[in-house]
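The values are calculated or read from the model by the stated rules, or taken from the named source; none is laboratory data. Just so you know, these numbers come straight off a predicted model, no measurement behind them. Glycine gets a Cβ as well: all are built from the backbone with ideal geometry, and neighbour counts include every protein chain shown.
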Amino acid sequence: MKRNSFLQAIALCMVIAFASCSKKQSEYTNSIPADAPFVLSIDAQSLATKAELNSAENQPMMQRFTEMLTKDITPENRQKVEAFFSDPASTGIDFRSPLYLFYQPDTLDYIAIVAKVNNETDLASTFQTLQTEQAATTLATAEGYRYCTIGGNLFTAFNATTLIALSYVDQTGDAQQLAASLLRQEADKSFAQTPSFQHMQQETGDIRFMLTQKLIADLQTKTNALTSGNALPPILTTDGLQGIGNIAFETGKIECSYKWTADNDKAQATLDEAIGYTRPVSNRFLGCFPQSTLFYTNVGINGSKLYDYIQQMPDLQRFGKVQEADFQAIMNTLKPAFESLEGDITMGFTGVVMGAIPTFIAYAEVKDNTILDLINANKQKLEQQNGVRIDKINDTEYALSIYGLGIYYGIRDNFFYTTNDNALYANLGKPATPSITENEYADLLKNSYAAMLIDIESVLQLPAVRNLANMSGAETALAISLCDQYVDYMATTASDAQSSYGVLQLKDHESNALKQLVSLAKNAIGM
């Protein structure tokens, strides 16, 4: 308990740095390997400023945290911790410069944190304080650096410019040897000299990140999700493609921007090909969804190019656990249906009733009746299944019954539809009154290649969710209550075929999102 409290105190010190921000990079970034598949940059100073941790309003909370986290340590060290809170630079770490976190699965499997050192003597003193509180081993000296272990599993080493802390996924590695090699790494072998680093520096959020296809491949291997990367789209498996993005805490919302970049001609060709199967949405069906729609998604599709793109993933059949020959036969059968798709594919959930599946409706712009013909070609086979019945409404519309669940499907006015709701069926393709277009987030869903929205406020008003809050434990009920109090909706959009944007919109549109999160934390602990 003593060790954990002191570690938490030091961690909190790291967050509340408030000196003027410097964007200048120094050699401490040289310790990040050039081939790291995931790098995260954290502007701790910006986060602390936006959270207003040092405001008069938050002083009681900070005082309470200080008392909680230092109650088990010696009076002398308590004074040092309080000094760290008032002047984080006294730890010896330069919080004006970004903190970096990176993951490296090659050779030794580890996660690392890198920080800039502004005073080696002060940093050594900080580690000695950790040692006296039994939170770290004795600080040792090697050639050109000093090191210790914090908390039993975080190997930490530093020199005059750089602090690096290693946490192993694979515990068999030699942490000291690895830390020494990273501290001595030459600039031309570092991430700081790569185009990806330059792309990251152009991002403007409080947290910036970069990930490559190597990260996807490594996660796939560790989770045993698939036996081959050929089941993934080429944009996730081509060397030289990276995703660059940022997370920003802004007034009334948390935003995340993300885009693909290419470092070579092959990667750029792969990116261009991926762009080919998408198209801008027409929003033909947006106004058909009621204002209270819980979930909405829309994507613009070029069906023929999408089919060709899927064909480049020969192991995709592993998802369905079918043989390759059978999978190819299925794809050949579906090819005309893919080629018929041209335009928006739109779907939404409009309501939930206890004990029943959500009411939904889906639309797809089509060039002809191919999809319907394909279903009819298998009508007899479908009706041989127990509990399945298909009734013809007219030449292009049908009612499907599966164990008492009724689903309408068919084609009207060059769109394919399916729904399980009588009211939605009665108003197919007609404007809803009022419609989703009257909500404040409507503009987010327009002028894009794809969009998805979850109306969290509407979801939390559902009787099913209210019942869940009443029947669940205190923690679940508290989480639902806080979301109901603070959160409005969540949306993601793709402004073009390689860039995306996400937002978590809060109900308070006037205060910074991070300040609101601090307020949420205070409410959660009863302050």
Quiz item: Can you find a residue in the stretch 355-374 that is of a type in the set (S, T, N, Q), surrounded by 14 or more Cβ atoms within 10 Å (Cβ to Cβ) and outside any loop (DSSP other than H, G, I, E, B)?
Solution: yes
Quiz prompt | Flag if A524 is out of contact with any His (no Cβ under 9 Å at 6 or more places or on another chain) and modelled with pLDDT under 85 | solution = yes
Quiz prompt | Residue list for the stretch 175-200, filter: more than 15 Å from A112 (Cβ to Cβ) and without any contact (Cβ under 8 Å) to a residue 24 or more places away in the chain | solution = D188, Q198
Quiz item: Does the stretch 256-269 hold any residues that are under 29 Å from S46 (Cβ atoms) and assigned to a strand (DSSP E or B), and which are they?
Solution: C256, S257, Y258, K259, W260, T261
Quiz prompt | Within the stretch 387-398, considering residues that are exposed (fewer than 15 other Cβ atoms within 10 Å of the Cβ) and of a type outside the set (A, V, I, L, M, F, W, C), the one nearest to F285 (Cα to Cα) | solution = T396
Quiz item: Taking interchain pairs and intrachain pairs at least six residues apart, which have beta carbon atoms under 6 angstrom, with the first residue in the stretch 289-308 and farther than 19 Å from D443 by Cβ and the second small (G, A, S)?
Solution: L294/S458; K305/G276
Quiz item: From the residues in the stretch 462-498 that are out of contact with any Leu (no Cβ under 7 Å at 6 or more places or on another chain) and modelled with pLDDT of 90 or more, which one is nearest to K515 (Cα to Cα)?
Solution: T492
Exercise. Considering only residues that are out of contact with any strand residue (DSSP E or B) (no Cβ under 7 Å at 6 or more places or on another chain) and among the small types (G, A, S), look in the stretch 191-218 and name the one that is modelled with the highest pLDDT.
Key: A192
Quiz item: Identify, please: which residue in the stretch 68-102 is farther than 16 Å from L183 by Cα and of a type in the set (F, W, Y) and is, among those, modelled with the highest pLDDT?
Solution: F95
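Residue-by-condition table, conditions (1) modelled with pLDDT of 90 or more; (2) farther than 25 Å from D484 by Cβ:
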{"position": "E440", "(1), (2)": "yes, no"}
{"position": "N447", "(1), (2)": "no, yes"}
{"position": "L453", "(1), (2)": "yes, no"}
{"position": "L460", "(1), (2)": "no, no"}
Quiz prompt | Sole residue being more than 26 Å from R96 (Cα to Cα), out of contact with any Pro (no Cβ under 6 Å at 6 or more places or on another chain), surrounded by fewer than 20 Cβ atoms within 10 Å (Cβ to Cβ) and at pLDDT 90 or above, chosen from T161, T132, T137 | solution = T137
Quiz item: Do we have any residue at all in the stretch 2-23 that's modelled with pLDDT of 85 or more and either aromatic (F, W, Y) or not in a helix (DSSP H, G or I) (or both)?
Solution: no
Quiz prompt | Unmet requirement for P336, which otherwise passes all of (1) surrounded by 15 or more Cβ atoms within 10 Å (Cβ to Cβ); (2) in a strand (DSSP E or B); (3) touching a helix residue (DSSP H, G or I) at 6+ places or on another chain (Cβ under 9 Å); (4) of a type outside the set (S, T, N, Q) | solution = (2)
Quiz item: Within the stretch 87-115, how many residues are charged (D, E, K, R) and crowded, with 22+ Cβ neighbours inside 10 Å?
Solution: 1
Exercise. Report yes if G348 is at positive phi and either crowded, with 20+ Cβ neighbours inside 10 Å or in contact with a helix residue (DSSP H, G or I) (Cβ under 7 Å, 6 or more places away or on another chain) (or both), otherwise no.
Key: no
Quiz item: Taking the condition farther than 26 Å from Q242 by Cβ and outside any helix (DSSP H, G or I), does Y501 pass?
Solution: no
Quiz item: So which helices (runs of 4 or more DSSP H) are wholly in the stretch 400-476 and hold at least 1 residues that are free of Cβ contacts under 8 Å to residues at least 24 places away in the same chain and not assigned by TED's automatic domain parsing to the domain that holds I371?
Solution: 463-471
Quiz item: Tally time: how many residues in the stretch 399-419 are over 15 Å from I345 (Cα atoms) and surrounded by 19 or more Cβ atoms within 10 Å (Cβ to Cβ)?
Solution: 2
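Yes/no matrix, rows are residues, columns are (1) over 24 Å from I42 (Cβ atoms); (2) of a type in the set (V, I, T):
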{"site": "T132", "(1), (2)": "yes, yes"}
{"site": "T137", "(1), (2)": "yes, yes"}
{"site": "T161", "(1), (2)": "no, yes"}
{"site": "A165", "(1), (2)": "no, no"}
{"site": "Y168", "(1), (2)": "no, no"}
{"site": "Q176", "(1), (2)": "yes, no"}
{"site": "R184", "(1), (2)": "yes, no"}
Self-check item: Extreme residue, modelled with the highest pLDDT, among residues of the stretch 220-255 that are under 20 Å from the mean Cα position of the chain (by Cα) and assigned to a loop (DSSP other than H, G, I, E, B)
Solution: G252
Practice problem: Those residues that are among the hydroxyl-bearing types (S, T, Y) and modelled with pLDDT of 90 or more, I need them from the stretch 256-267; list them, please. | Solution: S257, Y258
Quiz item: What do you reckon, is K507 of a type in the set (D, E, K, R), surrounded by fewer than 17 Cβ atoms within 10 Å (Cβ to Cβ) and in contact with a strand residue (DSSP E or B) (Cβ under 7 Å, 6 or more places away or on another chain)?
Solution: yes
